[in-house]
Each structure stands twice: as structure tokens, then as C-alpha cells.
Amino acid sequence: MNQAYEKLLNCYESCRKRIDFVPKIALVLGSGLGDYAEGIRVEAVLDYQDIEGFPRSTVEGHQGRFVFGYVKEIPLVCMQGRVHYYEGYPISDVVLPIRLMKLMGAEALFLTNAAGGVNTAYEPGDFMLIRDHISSFVPSPLIGPNSNSLGPRFCDMSDTYDARLRQVIKETAGRLEIPLKEGVYLQFTGPQYETPAEIRMARGLGADAVGMSTACEAVAANHMGMHICGISCITNMAAGVTENPLSHEEVQETADRVAPLFKHLVTESIAAVAQAISEEEG
Ligand code: HPA
């Protein structure tokens, strides 16, 4: 058994000793959605630090815990605080929580993040449904011996962000009259924000938004056969798009400003996603 898989199973056992909740959906909360868990009918909370061998987030403002409960009667686990590659963890640790949520029963992964707008038609405060991603200088979490019990050696990435789920999320946003862009998310390692030249490169490659998470998580989830969808909150225009310098404060400020709308969109989308998956299962 390879090391990453063994570590995952140990974490899984450590979780299951404490919690027997079976989620249908796994939700990853990005900046600005950190307090989303307040809207969940909470059944149980598990601090990352109480899971043996689990990587811990070191970023200010990112709480580290799983919250298990219900949103509109849908059982879900939500990650309040994710693990970032720039914190110094091996990439297999960065995606360990995603794999863990799948082992706990989650069939779908709902990713959220804060991102910089690369597409010049975007504005801070916009929401972008992720159609596809580009992983730039971030190693694949699938490098190393493959665990066949998780997924195949060579996994197909041609429909990573499930077309059906994108459709139901677009319909949901339309019904709520919340404008929703759709585009390509590019993951850089961070933690520094990009240079204007890197942003021009990202645009040339076809990116609409950039951030420091998400793509590697989607790779691990896709490997395990999860349904995946994601929404970025455009918190700032990326470097060089405007004259403004970038700051974590601006990211946080925009995220806080649009948080109520983002939460509304995510809650209603979760219901639509859960229904779409159930219909698919028949
Ligand atoms: N770049 C990278 N990550 C980000 C940004 C950005 O401009 N904004 C929020 N997260």
C-alpha cells in the first residue's frame, strides 16, 4: 500500500471513530464563505487537529474543521478552511481532505474560492461558474504509485466540471436573478499574487480567473469519480488589469461584501445539484 493511501485510511478510521454521518455532498468553503456553516443544521463538528495525521491550515482567517449537517435536508460535509499547497504540504496532503470526504460517502464535490479576474469583462464581486481549469506549476496529486482502489492510473479530465451540474447551477442563478459568468479557472501555487506578465500569460492560455486552490482538488476528486462543480467569487481584478495594487484586505473586503449573495447562490445550487445527482442515479 502506498504511503499517501495508508495515511488517508488512517485519517478515515480516525474520523469514523468519532462520526458516523454519511454526507451526499462535500462543500469546500473559500474566502468569504467561511461563516457559511452558520446556515447549516449542524449534526457534528470535527476539528482537523483531532484527526490523526491530518494536515492543518496555517492561513489566518481559515478555520480548520469539518462541519457535518443538513442544508435543505441534504446531508453534507463542509470544509471550513482548506489546505493550500503554498503552506508547504506535499500535494497528496493538500487533497487528502477531498479524498476523505469521498470515503465518508460524498458523491459530489462543490468547490468555492476567491479568485482574481483575468477576463477584463469581469468585475470584483462577480461570480464565475468554473467550466474547466488549468493547472499551472502545481504538481498533479496523482503523481506517485497509483492506488487502484481510489481510481485509474490515467484519468480522463475531459468533463471534470460536470456539464449537467453546470446546467442546473446556471438555471438556479437565473431563477434567483443572480448574474453568473462561466469561465476557466487557473491555479498558480501562490502565495505571492501574480505578476502582470503572468496574468497576460494566463489570459493567453485561456484563463478567466486565477487563484491558489481548487484545480488540484478537482483532479483528486475526478480521479475518484466524484461529480464536481465550482464557483469562484471574483474578489479583485488580477495583477496589471487595473492600476490598483493587490492585497489580501481587498480580497477579504469584496468577499465579505458579496457573501450574503454567494451563500444564497450556493445554498440553492446545493439543492439543485443534489437533485440532479439523485435523478441520474434513478
Ligand atoms: N490571484 C491569486 N489568487 C487570488 C487572487 C488573485 O488575484 N484573488 C483572490 N485569490
Strands (runs of 3 or more DSSP E) lying entirely in segment 59-169 (those with 3 or more residues that are within 30 Å of Thr195 (Cβ to Cβ) and touching a strand residue (DSSP E or B) at 6+ places or on another chain (Cβ under 6 Å)):
108-117, 127-135
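Taking the residues in segment 236-282 that are of a type in the set (Ser, Thr, Tyr) and within 20 Å of the chain's Cα centre (by Cα) as candidates, determine which candidate is farthest from Asp35 (Cα to Cα).
Once the filter is applied, the top-ranked residue is Ser269.
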Residues that are of a type outside the set (Val, Ile, Thr), in contact with a helix residue (DSSP H, G or I) (Cβ under 6 Å, 6 or more places away or on another chain) and buried (at least 20 other Cβ atoms within 10 Å of the Cβ), drawn from segment 158-172:
Leu165
Name every residue in segment 207-226 that is touching a helix residue (DSSP H, G or I) at 6+ places or on another chain (Cβ under 6 Å) and away from the ligand (no atom under 16 Å from the Cβ), in order of residue number.
Ala220, Ala221, Met224, Met226
Going residue by residue through segment 230-237, is there one that turns out to be surrounded by fewer than 19 Cβ atoms within 10 Å (Cβ to Cβ) and either in a helix (DSSP H, G or I) or more than 11 Å from the ligand (Cβ to nearest atom) (or both)?
no
Among the residues of segment 121-140 satisfying the criterion of being more than 26 Å from Leu96 (Cβ to Cβ) and among the small types (Gly, Ala, Ser), which is nearest to the ligand (Cβ to nearest atom)?
Gly125
Would you pick out the residues in segment 195-211 that are buried (at least 16 other Cβ atoms within 10 Å of the Cβ) and either among the aromatic types (Phe, Trp, Tyr) or in contact with a strand residue (DSSP E or B) (Cβ under 6 Å, 6 or more places away or on another chain) (or both)?
Ala202, Ala207, Asp208, Ala209, Val210, Gly211
Just a yes or no: is a residue in segment 263-275 surrounded by fewer than 15 Cβ atoms within 10 Å (Cβ to Cβ), out of contact with any Leu (no Cβ under 9 Å at 6 or more places or on another chain) and farther than 29 Å from Val168 by Cβ?
no
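I need the full set of residues from segment 188-247 which are acidic (Asp, Glu) and at pLDDT below 95, in order please.
Quick first cut of segment 188-247, residues acidic (Asp, Glu) only: 194, 198, 208, 217, 243.
The one that is acidic (Asp, Glu) and at pLDDT below 95: Glu243.
For Lys181, are the conditions met, namely being closer than 13 Å to Ile130 by Cβ, more than 14 Å from the ligand (Cβ to nearest atom) and surrounded by fewer than 24 Cβ atoms within 10 Å (Cβ to Cβ)?
Values: closer than 13 Å to Ile130 by Cβ: yes; more than 14 Å from the ligand (Cβ to nearest atom): yes; surrounded by fewer than 24 Cβ atoms within 10 Å (Cβ to Cβ): yes.
Yes: the conditions hold for Lys181.
How about segment 102-120: which of its residues are away from the ligand (no atom under 16 Å from the Cβ) and either over 25 Å from Glu13 (Cα atoms) or under 12 Å from the mean Cα position of the chain (by Cα) (or both)?
Selection gives Ala108, Leu109, Phe110.
Can you tell me which residue among Glu268, Glu279, Glu253 is assigned to a helix (DSSP H, G or I) and within 16 Å of the ligand (Cβ to nearest atom)?
Working: Glu268 fails: within 16 Å of the ligand (Cβ to nearest atom); Glu279 fails: within 16 Å of the ligand (Cβ to nearest atom).
Every option except Glu253 fails the conditions.
The values are calculated or read from the model by the stated rules, or taken from the named source; none is laboratory data. Keep in mind the model is a prediction, meaning the values are calculated, not measured. Quick reminder, even Gly has a Cβ in these numbers, built from the backbone with ideal geometry, and neighbours come from all protein chains shown.
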